[in-house]
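The structure appears right after this line, and notes come after that.
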Amino acid sequence: MNLEKVVFGFFIILALTLNFGFVLGEIDNPAHHNVWELFAAIVVNLVATVLKFGDRTQTGALLLATSLVAVLQLLAAALVWGYAGNISAAGLSPTMMSSIVSLAAGAVVANVISVVLLIADTVNLRR
């Protein structure tokens, strides 16, 4: 068993599950979406992105691209949350929460693609 591959897979799957956990719930209800879970999803996605640097294969390039998309989506969600909570006169309204969750859902899609690529790459190693 290759410990490096275990850690790599762990962070890719943890990124997906944390992000999915944040998105789960009513899209416009702030009580269903924890800011700390969004923060954890951002941090784990950043770690997963760093782990993907250095892989010179086509699959590695796609994994890095999906990770960069997920990080961009999550950072945008955090910026919207920061704006809604600290700058906007309306505060964290259902409309703003819907935007935050929608951005995070886009990151979920990128993370799902990343996990599918990881599984496909693993299956191809067996042949």
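Just name the residue that is farthest from the chain's Cα centre (by Cα) out of those in segment 74-103 that are β-branched (V, I, T) and under 20 Å from G21 (Cβ atoms).
By that ranking, first place goes to V80.
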| Can you tell me which residues in segment 89-114 are assigned to a loop (DSSP other than H, G, I, E, B) and among the hydrophobic types (A, V, I, L, M, F, W, C)? | A89, A90, L92
| message | So if I check each of A84, A107, A76, which one is within 18 Å of L46 (Cβ to Cβ), out of contact with any Lys or Arg (no Cβ under 8 Å at 6 or more places or on another chain) and buried (at least 18 other Cβ atoms within 10 Å of the Cβ)? | response | A107
| field | Hey, L92 touching a helix residue (DSSP H, G or I) at 6+ places or on another chain (Cβ under 8 Å), in contact (Cβ under 8 Å) with a residue 60 or more places away in the chain and either open to solvent by less than 40 Å² (accessible area, probe 1.4 Å) or on the phi > 0 side of the Ramachandran plot (or both) or not | value | no
| request: Among the residues of segment 33-52, write down those that are assigned to a helix (DSSP H, G or I), surrounded by 14 or more Cβ atoms within 10 Å (Cβ to Cβ) and not β-branched (V, I, T). | output: E37, L38, F39, A40, A41, N45, L46, A48, L51, K52
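Table: residues versus (1) at pLDDT 90 or above; (2) closer than 16 Å to A110 by Cα; (3) acidic (D, E).
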site	(1), (2), (3)
G25	yes, no, no
D28	yes, no, yes
H33	yes, no, no
W36	yes, no, no
A48	yes, yes, no
D55	no, no, yes
L63	yes, yes, no
S67	yes, yes, no
A70	yes, yes, no
| remark: Residues of segment 25-65 being polar (S, T, N, Q) and more than 23 Å from V6 (Cα to Cα), in sequence order, are N29, N34
| Only one of (1) open to solvent by 30 Å² or more (accessible area, probe 1.4 Å); (2) in a helix (DSSP H, G or I); (3) in contact with a helix residue (DSSP H, G or I) (Cβ under 8 Å, 6 or more places away or on another chain) is not met by K5, so which one is it? | (3)
| Residue, surrounded by the most Cβ atoms within 10 Å (Cβ to Cβ), within segment 8-32, restricted to residues that are touching a Leu at 6+ places or on another chain (Cβ under 7 Å) and farther than 13 Å from V43 by Cα | F22
| Out of (1) among the β-branched types (V, I, T); (2) under 14 Å from the mean Cα position of the chain (by Cα); (3) more than 23 Å from V116 (Cβ to Cβ), the odd one out for I27 is which? | (2)
| said: If L92 satisfies all but one of (1) touching a Gly at 6+ places or on another chain (Cβ under 6 Å); (2) modelled with pLDDT of 95 or more, what's the number of the condition it fails? | reply: (2)
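The values are calculated or read from the model by the stated rules, or taken from the named source; none is laboratory data. What you see is a predicted model; the values in this text were computed from it and never measured. A quick note on method: Cβ atoms are made from the backbone with ideal geometry, for glycine too, and the neighbour counts reach across all protein chains shown. Ligands, DNA and RNA are excluded from the accessible area calculation, which covers all protein heavy atoms including side chains. Shrake-Rupley method; radii C 1.70, N 1.55, O 1.52, S 1.80 Å.
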